[in-house]
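Read the structure below first, then the notes.
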Amino acid sequence: MTVIRFLALPFLAATLLFSAGAANAAPTCQERSGEAIRCGVPGGMPVGWTLPSDQRVITSDPDSMAPAQWFGLFALVGGLFAMIALMPDFDGFGDVEADGEESR
């Protein structure tokens with residue numbers, strides 16, 4: 001009897017999760033150049049319209065970074081490490097003891 005009570009809540013939770021309906025996402029709209037845009041804004045094409053494949057032009061490779069972006073990334077990470085290196089040592093309360101009185 002205790003095993004049934006022990007397994008009843010997980011079984012009920014699993015049943016409710018698996019019987020839930022799927023959520024539908026909002027439709028995707030595109031602008032005349034083929035870029036994704038929110039539906040209903042000026043410049044957006046009707047729902048379901050797609051740019052023909054012969055008119056698509058890939059402007060840049062999203063997986064590549066320009067040299068200026070690499071330099072900025074290294075400068076940011078280097079600056080972060082420099083700030084960490086310049087931080088003071090945190091080795092306790094210093095001259096103040098735990099009870100708030102100064103040590104002599």
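The values are calculated or read from the model by the stated rules, or taken from the named source; none is laboratory data. Fair warning: this is a prediction, and the values are worked out from it, not measured in the lab. Note that each Cβ is placed from the backbone with ideal geometry, even for glycine, and that neighbours are counted across all protein chains shown.
I'm trying to understand the selection: among the residues of the stretch 42-91, which are of a type in the set (A, V, I, L, M, F, W, C) and touching a Gly at 6+ places or on another chain (Cβ under 7 Å)?
Of everything in the stretch 42-91, just one residue is of a type in the set (A, V, I, L, M, F, W, C) and touching a Gly at 6+ places or on another chain (Cβ under 7 Å), namely Leu51.
Output the residues belonging to the stretch 39-68 that are at pLDDT 80 or above and surrounded by 10 or more Cβ atoms within 10 Å (Cβ to Cβ).
Cys39, Gly43, Gly44, Met45, Val47, Trp49, Thr50, Leu51, Met65
For the stretch 5-30, give me each residue that is outside any helix (DSSP H, G or I) and either closer than 26 Å to Pro42 by Cβ or β-branched (Val, Ile, Thr) (or both).
If the condition is that a residue be outside any helix (DSSP H, G or I) and either closer than 26 Å to Pro42 by Cβ or β-branched (Val, Ile, Thr) (or both), then Asn24, Ala25, Ala26, Pro27, Thr28, Cys29, Gln30 are the ones that fit.
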